[in-house]
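Here the structure comes first, spelled out in C-alpha cells, and everything after it is commentary.
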Amino acid sequence: MCEALPAAPEPKAKRLPKPYGMIPDAKGDFHRLFPRRQLWQPKVEYPLWDNNWDNLHPTPTGNDEQDRERMRRLRKEGVTRHIILIRHGQYDERDKDDAKRLLTEIGRKQAELTGKRLREMMEGASNEFGPCKIKVVRVSNMARAKETADIIASHLPGVEYPEPDPDLNEGRPCHNLPGGGVSESTIEKTDEQHARIEAAYRKYFYRAPPPLELSGDGENKEGKEEDRCKHEFEIYVCHANVIRYFMCRALQLPPEAWLRLCTFNCSLTYLTIRPTGTVSCRMLGDIGHLPYDLSTFSMHTGYNW
C-alpha cells in the first residue's frame, strides 16, 4: 500500500514589481505607467482613417457624385509627395558635447553610399527606372546629422539645401509601449520634446495642394498636363526616434509604438503622400545600399545584438 504524499505548500502570491518612478494613485495615470494626458488621442476612432489629418481635405459639396469626381480628378492630376527619412551615419557617442559627436569612418562611408544611391534615383538608372525629382534636402541641427547631410548633398548638385532645422533634432517624441512606469524627469522631458517633434511633423507632413485650377470650360490654366511633374521627392536627414515617430504618425498608428521599429544608420524610410491625402510606406529602415560590414545600429555592428 502506497503512502500518501504530503500536500504541496500553497504558492506564495507574487508581488508585481513597482514600476520605476511611478506616482502612486496619481490622478489620470494611464495604467499606472504615465499621465493619461500624455497618451496620444486620435481625432477619429482607431483604426478608422482620418481623411482630414492635415486639414487640407476638400470640403464636401453635399453632392456625393460631384465629390467623387473631384477626388478622381485629384488622384489623376495632383502631385504625390515622396518623403525619404534618412537616419544619420554612425557617430562617436563617447562625448556628451554634440559638436564633438562626429561621424566615425564607418559613418562617413555610409553617408557617401547613401548620397550615391540618391544620385542614382535623381538621374534614373534606366529607361524603366526614370529620374526622380529631388526637390530639397533638409537636416536637423545636430552635428552628426549635419555632417551626414553635407556628404549626401555633395552628390545632389542643384538640389535645395536650406539651413538646419532644430525642430528635427533628436529627442523623446512620446512614451513607448511596451514600457514601464516613468519618472518625473521623463514626464517633463516628454512634455518638452513632444511638442517640438510634433511641430516638425505638422510642418513637413501634408498632402500637396491642388496643382491647378480648372476654368469653367475645364481647361488647365497652368499648362498641359504632361508639362507638370506629378512626383516630388524630399530628403530629411535626422534621427532614429524622430523618424520612427513620424512613421507612426503618418500612417495613423499609435505613436507609442515607435520603439518597436528599428532604423539602422543611413537607412531610408520612405513614405508617399498622395494628393488625396492617403499615406503609404514603401520602405522602412532600408539599407540595401550598404554592404554588411557597414551595417550598424549606433555602436552595434551587424545583427547579433
I'd like to know if the stretch 246-265 contains one or more residues that are farther than 29 Å from LYS43 by Cβ, buried (at least 22 other Cβ atoms within 10 Å of the Cβ) and of a type outside the set (Phe, Trp, Tyr). yes
Restrict the check to the stretch 253-260 and report whether at least one residue is out of contact with any Cys (no Cβ under 8 Å at 6 or more places or on another chain), at negative phi and not aliphatic (A, V, I, L, M). yes
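Each row is one residue, and each column tells you yes or no for (1) modelled with pLDDT under 95; (2) touching a helix residue (DSSP H, G or I) at 6+ places or on another chain (Cβ under 9 Å).
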{"residue": "ARG36", "(1), (2)": "yes, no"}
{"residue": "LEU39", "(1), (2)": "no, yes"}
{"residue": "PRO60", "(1), (2)": "yes, yes"}
{"residue": "ARG72", "(1), (2)": "yes, no"}
{"residue": "THR80", "(1), (2)": "no, no"}
{"residue": "GLY89", "(1), (2)": "no, yes"}
When you scan the stretch 80-88, do you find a residue that is within 23 Å of ALA200 (Cβ to Cβ), buried (at least 19 other Cβ atoms within 10 Å of the Cβ), out of contact with any Cys (no Cβ under 7 Å at 6 or more places or on another chain) and among the basic types (Lys, Arg), even just one? yes
I need the full set of residues from the stretch 266-279 which are within 25 Å of PHE297 (Cβ to Cβ) and surrounded by fewer than 20 Cβ atoms within 10 Å (Cβ to Cβ), in order please. TYR270
For the stretch 15-29, does any single residue satisfy the condition of being modelled with pLDDT of 55 or more and out of contact with any Ser or Thr (no Cβ under 7 Å at 6 or more places or on another chain)? yes
Between THR61, THR114, THR104, THR80, which is over 26 Å from the mean Cα position of the chain (by Cα) and hydroxyl-bearing (Ser, Thr, Tyr)? THR61
Working only within the stretch 204-228, note down all residues that are in contact with a helix residue (DSSP H, G or I) (Cβ under 7 Å, 6 or more places away or on another chain) and either within 30 Å of HIS31 (Cα to Cα) or at pLDDT 95 or above (or both). PHE205
Here's a check for you: in the stretch 61-118, which residue that is part of a helix (DSSP H, G or I) and acidic (Asp, Glu) is nearest to TYR270 (Cα to Cα)? GLU112
Considering the stretch 156-203, residues that are assigned to a loop (DSSP other than H, G, I, E, B), of a type in the set (Asp, Glu) and free of Cβ contacts under 8 Å to residues at least 40 places away in the same chain, and then whichever is farthest from ARG36 (Cα to Cα), we arrive at GLU163
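Yes/no matrix, rows are residues, columns are (1) at negative phi; (2) of a type outside the set (Phe, Trp, Tyr); (3) touching a residue at least 24 places away in the same chain (Cβ under 8 Å):
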{"position": "PHE30", "(1), (2), (3)": "yes, no, no"}
{"position": "PRO42", "(1), (2), (3)": "yes, yes, yes"}
{"position": "THR61", "(1), (2), (3)": "yes, yes, no"}
{"position": "GLU65", "(1), (2), (3)": "yes, yes, no"}
{"position": "ARG117", "(1), (2), (3)": "yes, yes, yes"}
When you scan the stretch 282-300, how many residues do you find that are more than 15 Å from VAL237 (Cα to Cα) and in a strand (DSSP E or B)? 5
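The values are calculated or read from the model by the stated rules, or taken from the named source; none is laboratory data. None of these values were measured; they are calculated from a predicted model. All Cβ positions, glycine included, derive from the backbone under ideal geometry; neighbour counts span all protein chains shown.
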